[in-house]
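J.: Quick one: the structure is below, questions incoming.
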Amino acid sequence: MAEQPTRWLSEPQQHLWQSFLRLNRDLNATLGYRLEAHSGLSSSDYAVLVPLSEEPTGLLRARELLTVISWDRSRLSHHLTRMERRGLIAREECPTDARGLMVRITECGTRAIQAAAPDHAEAVQQHLFDLLSQDEINTLTEVFDRLLENLNPAPSEQCDGASDCGS
């Protein structure tokens, strides 16, 4: 099979690529610093607490949480340990599968996310949406959705039921 020639980035493509990388890094850092300064929650804490707080029962299987936040099992396990020590979440056995693990947001975790969310939403508004027109928002949404549909991310380490995910 003949080797395909490398398709190097043009100057405009390279500029866009580097700007995208910097935006992702700097926006996440700015939002993370502000979140921690205003609430004491890290970006990782927030990433775990949001889906738990949005779940009516406040309870998710660890493997569902892995899928929602796109982390690997080891990272989730270690972070849940830290969050549990701080009283933000509790780990429970799965009532339908003794090998499964459930993660529950605690009252402390609920108070923390409720206190953090308004300022975090304001920060996202200030650092992103206030700087864009509605047409730009619509265009970026369309472009990002199309790009995301084309990605095949590596599957995160799944809980297979035989392993104790998150402990």
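J.: Using a 1.4 Å probe over the heavy atoms of the protein chains, calculate the carbon and sulfur portion of the accessible area of the range 1-62 as a whole percent.
T.: That fraction is 56 percent.
J.: Let me ask something additional. Using Stokes-Einstein with the Kirkwood hydrodynamic radius over Cα pairs, what translational diffusion coefficient do you get for the range 18-101 at 4 °C and a viscosity of 1.567 mPa s, in µm²/s rounded to a whole number?
T.: Estimated via Stokes-Einstein, D reaches 91 µm²/s.
J.: What's the whole-number percent of alpha carbon pairs in the range 57-107 lying beyond 19 angstrom?
T.: Here the tail beyond 19 Å accounts for 19 percent of pairs.
J.: At a 10 angstrom cut-off on C-beta neighbours, averaged per residue, how do the peptides 22-35, 4-17 rank from highest to lowest?
T.: On the way: 22-35: 13.3, 4-17: 8.7.
Ranked from most to least packed, the peptides come out as 22-35, 4-17.
J.: If Lys and Arg each add +1 and Asp and Glu each add -1, what is the summed charge of the other residues whose beta carbon sits under 13 Å from the beta carbon of THR139?
T.: -3
J.: Name the residue, out of GLU149, GLU136, GLU107, whose mean-square fluctuation peaks in a Gaussian network model built on the chain with Cα pairs under 10 Å.
T.: In the Gaussian network model the winner is GLU149.
J.: How far, in degrees from 0 to 90, does helix 73-85 lean away from the longest principal axis of the Cα atoms of the chain, to the nearest 10?
T.: 50
J.: Let me know the Rg and Dmax you get for the chain when you use only its Cα atoms, in Å.
T.: For the chain, the Cα radius of gyration and maximum Cα-Cα distance read 19.4, 61 Å.
J.: Also: With n ≥ 4 as the cut-off for DSSP H runs, can you work out [θ] at 222 nm for the chain, using -39500 (n - 2.57) per run divided by the number of residues, rounded to the nearest 500?
T.: That comes out to -20000 deg cm²/dmol.
J.: If you count, for each residue, the other Cβ atoms within 10 Å and average over each peptide, how do 46-55, 114-123 line up from highest to lowest?
T.: The packing order, highest mean first, is 46-55, 114-123.
J.: HIS127: net charge of surrounding residues, Cβ under 14 Å, Lys/Arg +1, Asp/Glu -1, itself excluded?
T.: Details: positive: ARG22, ARG25, ARG34; negative: ASP26, ASP119, GLU122, ASP130.
Surrounding charge for HIS127 is -1.
J.: To continue, here is another question. Write down the accessible area per residue of the chain in Å², having rolled a 1.4 Å probe over the full set of protein chains.
T.: The answer is 70 Å² per residue.
The values are calculated or read from the model by the stated rules, or taken from the named source; none is laboratory data. Just so you know, these numbers come straight off a predicted model, no measurement behind them. Using ideal geometry, Cβ is built from the backbone for each residue, glycine included, and neighbour counts are taken over all protein chains shown. Side chains are part of the model used for accessible areas, which takes the heavy atoms of the whole protein and leaves out ligands, DNA and RNA. Shrake-Rupley method; radii C 1.70, N 1.55, O 1.52, S 1.80 Å.
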